[in-house]
Amino acid sequence: MHTQVAIIGAGPAGLLLGHLLKAEGIDCVVIERQTPDYVLSRIRAGVLEQITVGLMERLGLDARLKAEGLVEQGFNFADGERLIRIDVEKFTGKTVWVYGQTEITKDLMDAAPERGLEVIYGAEDVALHDVESDAPSVTFRRDGREERLTARFIAGCDGFHGPSRKAIPASVGREYERVYPFGWLGILADVPPCHDELIYANHECGFALASMRSKTRSRYYIDVPLTEKIEDWSDDRLWDELAVRLGPEAAANITRGPAIEKSIAPLRSYVFEPMRHGSLLLCGDAAHIVPPTGAKGLNLAASDVHYAAEALCGYFKHADHDAVAGYSAKALARVWKCERFSWSLTKLMHRFPDDGPFERAMQVAELDYIASSDAAQASIAENYVGLPV
């Protein structure tokens, strides 16, 4: 098989890139290790920036998002009994949308057949070859036989554990990483949210987040030590802890219900440079991870895809080789700014094990400053709604 762009990974990044390229008449094939049902079972982000919504609008795949998604004009920090509201729309003129990453993936997946986007599911033993040449290829096993897909470019949208990043020699790549000493214990339940906007809480017992996927489905998190086991957290124990950490105002409006999904996710900040090597471009989690505190994971993947589609269209439609050459630098400039914002919110809203009275006093001072400063709130709002691409 041959195509112009081989895309590895059929999560939202890979599917979004595939649709953007097909819309421009560029041939591409998406290769995915898992089944469609498995891909859709992954519970991920739910807050969409303008860049992500804008790409769905551009593709004409935003109908369900606009019908079922929730528009959010702001969000809140909680510190003890105080709620500090950040009016995102007031400071930026923009809003964010609450719409699950799974729903974005489903919209992109459902539209693939009618738009001629070929997606190969169940591809095992995926391997990249000759990425430093102008004729790279991808091999994989399907239904027990080995197949090879040749291409002009490969786009690695296969997540942190996929093979794409590993195809870049260690002598070329550089990794930056911060592993956090806690994870997020999350619960998804079919209950109405306790608040109509997100609440990030810094409490003496630890961090908590009240979020939602719809008016009838809620997503809550608390931070826990990495040694914690999910089986030790009954639904009742988790609801009790959320009520304490979120504070009395939010707790009074919590509706409890059985968990649809419950899991513990470790937190890390990670960046791999460069995001392009030869004929290989990395997008999304294949190149970087952010702690979920800033709601940047999916949105950062979307901005990568925007830059990658722009570069590949420039190459194939206008013979612009410089566009591909400049992809990594352009994408990384935004990646590092989003990493900074996610890292700073994580430091602000979590009690780290090694922190003492000084660190806590700095958190209090920072939250007091945010509560009293339009300039501070404007900066947070600008980053939260999404920096320009």
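The values are calculated or read from the model by the stated rules, or taken from the named source; none is laboratory data. Because the structure is a prediction, the values reported are computed rather than measured. Note that each Cβ is placed from the backbone with ideal geometry, even for glycine, and that neighbours are counted across all protein chains shown. Heavy atoms of the whole protein, side chains included, go into the accessibility calculation; ligands, DNA and RNA do not. Shrake-Rupley method; radii C 1.70, N 1.55, O 1.52, S 1.80 Å.
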Calc'd 3J(HN,Hα), region 175-181, phi into Karplus 6.51 cos²θ - 1.76 cosθ + 1.60 (θ = phi - 60°), Hz, glycine/Pro = x, comes to 10, 10, 8, 9, 9, 8, x
Which residues qualify? For ARG351, with a placed amide H closer than 5 Å and at least 5 residues away or on another chain, they are PHE207
Computed over region 225-302, protein heavy atoms only, probe 1.4 angstrom, the accessible area per residue in square angstrom equals 39
Kirkwood Rh for region 173-328 from C-alpha pairs, in Å, is 17.8
Distance in nm between THR139 and ALA63 label points, each 7 Å along Cα→Cβ, equals 4.4
Expressed as a percent, the accessible surface of region 1-88 that is carbon or sulfur, using a 1.4 Å probe and the full set of protein chains, is 47
Scalar couplings 3J(HN,Hα) for region 185-196 by Karplus 6.51 cos²θ - 1.76 cosθ + 1.60 (θ = phi - 60°), nearest whole Hz, x for Gly and Pro, are 8, x, 10, 10, 9, 7, 9, x, x, 7, 8, 7
Heavy-atom accessible area of region 231-373 with neighbours in place, 1.4 angstrom probe: carbon+sulfur share in percent works out to 56
Residue-normalised value, i.e. accessible area per residue, for region 1-96 at 1.4 Å probe, in Å², stands at 39
accessible surface per residue for region 322-389, probe 1.4 Å, DNA/RNA/ligands not counted, whole Å² -> 47
So the carbon and sulfur contribution to the accessible area of region 115-228, 1.4 Å probe, in percent, is 45
Using alpha-carbon positions, the gyration tensor of region 287-389 gives root eigenvalues a ≥ b ≥ c; with a/c under 1.5 called rounded, otherwise prolate if a/b exceeds b/c, else oblate, the class is prolate
Taking the chain and counting helices only, DSSP H stretches of n ≥ 4 at -39,500 (n - 2.57) each over all residues, the nearest-500 ellipticity at 222 nm comes to -11000 deg cm²/dmol
Of all trypsin sites (Lys or Arg not before Pro) in region 1-57, the ones in DSSP coil with at most 14 other Cβ atoms within 10 Å are ARG42
Among beta bridges assigned by DSSP with both residues in the chain, the antiparallel ones amount in percent, to the nearest 5, to 75
Measuring from the longest principal axis of the C-alpha atoms of the chain, the long axis of helix 357-372 (C-alpha) lies at a number of degrees, nearest 10, equal to 90
Interchain or sequence-distant (5+) residues whose placed amide H lies within less than 5 Å of the amide H of GLN73 are none
Cα extents of region 193-234 per principal axis, largest first, Å, are 33, 23, 13
Per residue convex hull volume, Cα only, region 298-352, in Å³ is 60
Phi-derived 3J(HN,Hα) across region 341-356 with the Karplus relation (6.51, -1.76, 1.60, θ = phi - 60°), rounded Hz, x for Gly and Pro, is 5, 5, 5, 5, 5, 5, 5, 6, 9, 10, 9, 7, x, 8, 5, x
In the structure shown, of LYS90/LYS215; LYS296/LYS317; LYS262/LYS347; LYS296/LYS337; LYS229/LYS262; LYS296/LYS330, the pairs separated by more than 19 angstrom at the C-alpha atoms are LYS90/LYS215; LYS296/LYS317; LYS262/LYS347
Computed over the chain, the convex hull of the Cα set has an average projected area, in nm², of 19.4
